[in-house]
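Engineer: First the structure, then my questions, so here it is.
The values are calculated or read from the model by the stated rules, or taken from the named source; none is laboratory data. Given the structure is predicted, the values throughout are model-derived calculations rather than measurements. Here the Cβ positions follow ideal geometry from the backbone for every residue, glycine too, while neighbour counts run over all protein chains shown. Surface accessibility is based on the protein's heavy atoms, side chains included, excluding ligands, DNA and RNA. Shrake-Rupley method; radii C 1.70, N 1.55, O 1.52, S 1.80 Å.
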Amino acid sequence: MSAGHRIFRNIRALAAAKAATMASGLVTAAWTARVLGPDSFGVLGFGTSLMAYAALFVNMGLSTYAIREIARNREQDDHRERAAELSEHVLTLRTVLALVVGVLYAAFVLSLDKPMEVKAVLLVQAVQLLGNALVLDFVYQATEKMGVIATREIGTSIGSMLLVFLLVRGPEDAITAAAITGGSITVNALVMIGRFRRDFGHLRPRVDLKVWREILTAATPMAVGVFAWAIFTHLDVVMLGFLAPHMEVGWYSAAVKIQTLANLVGNIVMNAFLPQLAAAYGELGPMRDRMRAYAGVMLAVGGLVIAGGFALAPSILGTLFGDAYAPATLALRLLMLASAVVYANMILGNPLLVWHRQTGYMVAMLSGGALNALLNIWWIPRYGIEGAAMATFTAELAATVAIAWIHRQTVGELYGGIAARALLCAGASIAAALALDSFAAPLFDRMPALVHFVAGSVAMVAVYAAMAVLTGLVHLKRLRRLTSATA
């Protein structure tokens, strides 16, 4: 099977999982936000962002390191044995880290100047640390068995959604909502371990300090880069939790949920391409060819998603979260602009991690992260949630400019032509949505937000698809070749 067919198969499997995850995640987030209200939903969002930082110290870049090593050694005769051995080291090391980080996280939470009800929610969310430590997605991503990852993600999302519907009924159930998320991740990770034992043999703890030191030495620059990435993703919510009322944190958390879903589409493409990009390392021609294909797919899907989120922000918030979250409209639009930069960062930055350029990526992201922290301190007291969104956009842009320089040094290209075509398609689709609004505004004012969202989405997709073909952003013949690949 060709590299293109493999990539399409990966995208197809991950897209099926993400479609189910996205749908159930939207329903879960909408239900939770409406039932808990902005105040309790803000507490949950604050805890989720804190937990994201704690989880980074559990992973420490180990997943990215393992993907790189397993993907590059797939053609060797002892591939299965080496993959299993590395997986045992990674899981054991992450479990130890989860215990250490869990204790430190609990001590930090208990020291916060917050009500005990808030601390209880934050402590319960720590269950996620164990689940994150045990997840084996990296093995199946490196070996391009995305269907296994898809099954786990679908099980986690649907299980969480059903439990939330059954058990979360009011603001007093914030602790229950926190426990459901962590519990679902952990249960599904244990199920996946059973699948691993079937595919690769026994999975047992491995303790070898020399091997761990070698792994951590190689993975630490990746971990620092990913940690800096998380500063962009979660620092705004964390700092809002300290600097603003929980209601504003709730509004902003709703906007961040939508931005996360927008970025999720790009993550599907990135995870599908990453093994092939890793395998091409060392050969400039294949690296360039696969990067052009990667950039084309990322910009094609990213242009539509970001344009839709920007133009339809009020109706998206109204449909998912209700009128109580309307104050987040401007912040969401600013976050959509930040997502445009995030897509550029995923295109130019993440391949550097599997091409042994992790140190440059780390420095760029750390510099941007420091700028993000400073801007949040400066802008949140002055501009509230809009200031947090502006800080994310500005810092993300600064980091991506530095990463673009490193990427060009590595492969000699930045894909400006593809980006220009995507921008043209996005602009045309936004213009279509604005034209529809001006024409049908009286009707939309009398109808539920869902009607506005659906009508605007249909118009934008139609215009974007037509423009993508006309500009050459999407090549129908190439698309047909890929979609006709044997599953």
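Engineer: How many residues are among the aliphatic types (A, V, I, L, M), outside any helix (DSSP H, G or I) and either open to solvent by less than 10 Å² (accessible area, probe 1.4 Å) or farther than 22 Å from Arg80 by Cβ (or both) if we restrict to region 101-155?
Structural biologist: 3
Engineer: Kindly indicate whether Leu317 is open to solvent by less than 10 Å² (accessible area, probe 1.4 Å) and over 30 Å from Ile70 (Cβ atoms). Lay out the reasoning, then the answer.
Structural biologist: Values: open to solvent by less than 10 Å² (accessible area, probe 1.4 Å): yes; over 30 Å from Ile70 (Cβ atoms): yes.
Answer is yes for this residue.
Engineer: Follow-up question, since we're still on this one. Only one residue in Gly322, Gly296, Gly303 is in contact with a Ser or Thr (Cβ under 9 Å, 6 or more places away or on another chain) and open to solvent by less than 40 Å² (accessible area, probe 1.4 Å). Which one?
Structural biologist: Result of the check over Gly322, Gly296, Gly303: Gly303.
Engineer: Further question: Given the structure, is Ile158 open to solvent by 40 Å² or more (accessible area, probe 1.4 Å), modelled with pLDDT of 80 or more and under 20 Å from the mean Cα position of the chain (by Cα)?
Structural biologist: yes
Engineer: Write out, first by first residue and then by second, each pair whose Cβ atoms fall under 7 Å of each other, whose residues are 6+ apart or on separate chains, and whose first residue, in region 162-183, is over 22 Å from Gly131 (Cα atoms) and in a helix (DSSP H, G or I) while the second is open to solvent by less than 40 Å² (accessible area, probe 1.4 Å) and at pLDDT below 85.
Structural biologist: Partner pairs satisfying both residue conditions: Pro171/Leu36; Pro171/Gly37; Pro171/Ser40.
Engineer: Further question: Determine the pairs where a residue that is farther than 10 Å from Glu85 by Cα, located within region 196-209, has a partner that is assigned to a loop (DSSP other than H, G, I, E, B) and open to solvent by less than 30 Å² (accessible area, probe 1.4 Å) with Cβ atoms under 7 Å apart, the partner being 6 or more residues away or on another chain.
Structural biologist: Pairs found: Phe196/Leu136.
Engineer: Are any of the residues in region 376-387 among the hydrophobic types (A, V, I, L, M, F, W, C) and surrounded by fewer than 18 Cβ atoms within 10 Å (Cβ to Cβ)?
Structural biologist: There is at least one residue in region 376-387 that is among the hydrophobic types (A, V, I, L, M, F, W, C) and surrounded by fewer than 18 Cβ atoms within 10 Å (Cβ to Cβ).
Engineer: Filter region 278-292 down to residues that are modelled with pLDDT of 85 or more and open to solvent by less than 50 Å² (accessible area, probe 1.4 Å) and give me whichever is farthest from Ala66 (Cα to Cα).
Structural biologist: For region 278-292, the residue satisfying everything is Gly285.
Engineer: Regarding Tyr415, is this residue under 30 Å from Ala465 (Cα atoms) and either in contact with a helix residue (DSSP H, G or I) (Cβ under 7 Å, 6 or more places away or on another chain) or open to solvent by 40 Å² or more (accessible area, probe 1.4 Å) (or both)?
Structural biologist: Yes; evaluated as a whole, the condition is true for this residue.
Engineer: Every residue in region 268-290 that is under 11 Å from Arg72 (Cα atoms) and polar (S, T, N, Q), please.
Structural biologist: The answer is Gln276, and nothing else.
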